[in-house]
1. Looking at the range B:166-321 only, what percent of DSSP beta bridges run antiparallel? Nearest 5 please.
2. Can you give the extra length, in nm with one decimal, that the chain gains between residue B:481 and residue B:291 once fully stretched, where that is 0.36 nm per residue apart less the Cα-Cα distance?
3. Taking neighbour counts of Cβ atoms within 10 Å as a proxy for exposure, in what order, fewest first, do A:3, B:435, B:26 appear?
4. Please average, across the residues of A:75-84, the number of beta carbons from any other chain that are within 10 Å of each residue's own beta carbon, and give a whole number.
5. For A:39-46, what's the mean count of beta carbons from other chains sitting within 10 Å of each residue's beta carbon?
6. Mind checking the angle between helix A:21-38 and chain A's longest principal axis? C-alpha axes, 0 to 90 degrees, to the nearest 10.
7. I'd like the FRET efficiency for residue B:366 and residue A:56, computed as 1/(1 + (r/R0)^6) with the beta carbon distance as r and R0 of 22 Å, rounded to 0.05.
8. For the pair residue B:319/residue B:240, report the inter-label distance in nm, with labels modelled 7 Å from Cα in the Cβ direction.
């Protein structure tokens, strides 16, 4: 199997990472060599194996839904790349 | 006391407790040495003046019952530190200032330690040489132009170079043990669920663990005892009985059964690694351990499995970096364009590569063939260990298939870079604890490490084995201070 430029463009769309033609070519090469190495898994028959989703054999716990950090809005908004006192600002999405 | 930075953590703690030295004196020495060591590029963010302030404050009212009284410590820049920039080695978090503290670092400050600064690492902990950091590569104190390993490369360099008495790293596929091995230091990757992941910048959530990196096994045990706590803020934190590892540390390992997995004798392994392993086996025997040959039949499938599971989880974890709420933002014509440019300019090449792999293996039509397949093989790998632990108490292997390599040597070949983690990755996939201890040198004089893998939650046992072997090995790190003018 080989990953072509069309597939790279498709993955880049899904990943929300813009990729120009030159970068796409490099990525295709890298991904093909990595997947060639990954294909080794096909040597194994795994029809009857149950997938391992977590090594921590505990069930998820519930905790009460309490607010523990109050009044940190200002601090949080301060990390926003575009300054505004109360909101996160993004490019216009509605015409 | 001019040789303060040469002392181990345990010695410093003892000297502070006996009032032979103050926190301020110690902190000053480590700050001075760190300042003279800029060439190593071990730090991303320095916090020296506030470290000195905190040390002075500690001395005014010293609480000598604490485990790390007034000890200055620098930490990997993957741990969120409240009000101190946390970058994960990435441009995309270049200006991110957390509003909260990670549980692991909070545990360290609660025991009296003061923060020296934040240490360099591969971008989002993705790398084995510290060359993917946005803040530049790190020098290995062992030799100029030698990588310190990765992803906790700044941490390893800082401990080996004595810029900090001890540190913490994170290990997703070998990121503590491989750099420890490359720098002649000790690094422990604890059992999954032992140390809280709360406040650690996430890479692959089912594999990530924080752990100590130290000059010796005793220091490592002491820090593990501080950082390993149950934490309700991490839903995979496990509530088990944690030992006081440093107090219960013993070099009596008589009768312990240590397994030697034949599958770790990989094709093309240099003879010096094979020799080192044999030497390790002999040391373990000298300590009274019983050596047993075992088989971990799916070992060669661990790396391919890892390179599906880890990128898949990473692609999902890193979806949050969109330029909206924090971090770097690129200008775009519209919202989608802004996202795509932000991520394209904000992430480095290796991170983009892994996001793309992860997105691909999770995408429609490929999920079963790749991701589900990898999860099944992961089960087989874990079963191998479960089976082996019916016969043995621990497993001994080399830490890495080679000593440290030159900066730039493997940068353009992702697969050859990934092969560095061949002996460490299975341990993460199975969620087990593993420790790397320095055990010898290669022909160039570069350090080589041995890895001891334990049963889940059996940190004490592998620390004890490491402690006993450390005594026999009597390793001396060759640090010449070449970077200090």
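1. 60
2. 64.5 nm
3. The order, fewest Cβ neighbours first, is A:3, B:26, B:435.
4. What the average comes to for A:75-84 is 4.
5. Going residue by residue through A:39-46 and averaging, the value is 5.
6. 60
7. For R0 = 22 Å, the calculated efficiency reads 0.25.
8. Roughly 3.1 nm, to one decimal.
Read-outs: derived from the displayed coordinates by stated rules, not from any lab. Fair warning: this is a prediction, and the values are worked out from it, not measured in the lab. FYI the Cβ positions are ideal-geometry reconstructions off the backbone, even for glycines, and counts take in every protein chain you see.
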